[in-house]
Amino acid sequence: MKTFPTAKMDQQTLVFTMIFGAICHAVIGFCGYEILTKKAFFLLFPVTIVCFALVSSYLMIPIISVDSQKNILIKNQFVNFKIKREEIADLEIISGKKFNIRTFGVGGLFGYFGYFNGNDVWYVTNLDKKVQIKLKSGKTYMISPENTEDFLRELELLY
């Protein structure tokens, strides 16, 4: 089994993550100070929500692998599934950014994870390095290995 590193964040994602991270640290610091000095325990709820958003988004960054049967394995702290080679209808490298609608999931914090454009499932950390996997069933997955050409070569789709 060969594992492919997830693509490093593109500049837009990195900037959003840094800004949100700074806001999270400010909220945690301010609320922590208020909780400790003024016993404002009602602030525990927003601190918990902010921490949950930050940590759960980070834990969604996937590990992408290809096994000996050329199946694609996607794993993070919440999912672990296999896309069987015989179920794949089309694979395509998608470069550049275009308008997408987030249906449910994370939209920029450490990447783009969840449902986009209706029912497409994304595990993307770099909008400039995406591989679109269309299944025969009509389901679409979007992933972002660091080297998209090596990924397709390993699947024996690019020579």
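Of note:
- Spatial extent of region 107-159: Rg and Dmax, with the Cα atoms as the point set, Å: 11.7, 34
- For GluC sites (Glu not before Pro), the sites in region 75-159 that DSSP calls loop and that have at most 14 other Cβ atoms within 10 Å are Glu156.
- Equivalent-ellipsoid semi-axes of region 81-143, from the Cα gyration tensor, Å, largest first: 19, 13, 10
- When each of the peptides 55-61, 74-80 is scored by the mean number of other C-beta atoms lying within 10 Å of its residues, the order from highest to lowest reads 55-61, 74-80.
- Dimensions of region 27-73 based on its C-alpha atoms, expressed as ranges along the principal axes with the largest first, amount to 60, 14, 11 Å.
- At R0 = 30 Å, FRET efficiency that the Cβ-Cβ distance of Ile94 and Val27 yields, to 0.05: 0.30
- The three principal axes of the C-alpha atoms in region 35-105 carry coordinate ranges of 61, 31, 17 Å, sorted with the longest axis first.
- Qualifying trypsin sites (Lys or Arg not before Pro) for region 1-54 [loop in DSSP, other Cβ within 10 Å: at most 16]: Lys8, Lys39
- The chain: C-alpha pair distances exceeding 22 Å, %: 47 percent
- Trypsin sites (Lys or Arg not before Pro) lying in DSSP loop within region 81-159, provided at most 16 other Cβ fall within 10 Å: Lys84, Lys97, Lys98, Lys136, Lys139
- Karplus (6.51, -1.76, 1.60) ³J(HN,Hα), θ = phi - 60°, over region 88-98, in Hz, Gly and Pro reported as x: 7, 8, 7, 10, 8, 7, 10, 10, x, 9, 9
Every read-out reported here was derived from the displayed coordinates using simple, explicitly stated rules and does not represent laboratory data. Here the structure is a predicted model, which means the values were calculated and not measured. As a convention, Cβ positions derive from the backbone with ideal geometry for all residues, glycine included, and neighbour counts pool all protein chains shown.
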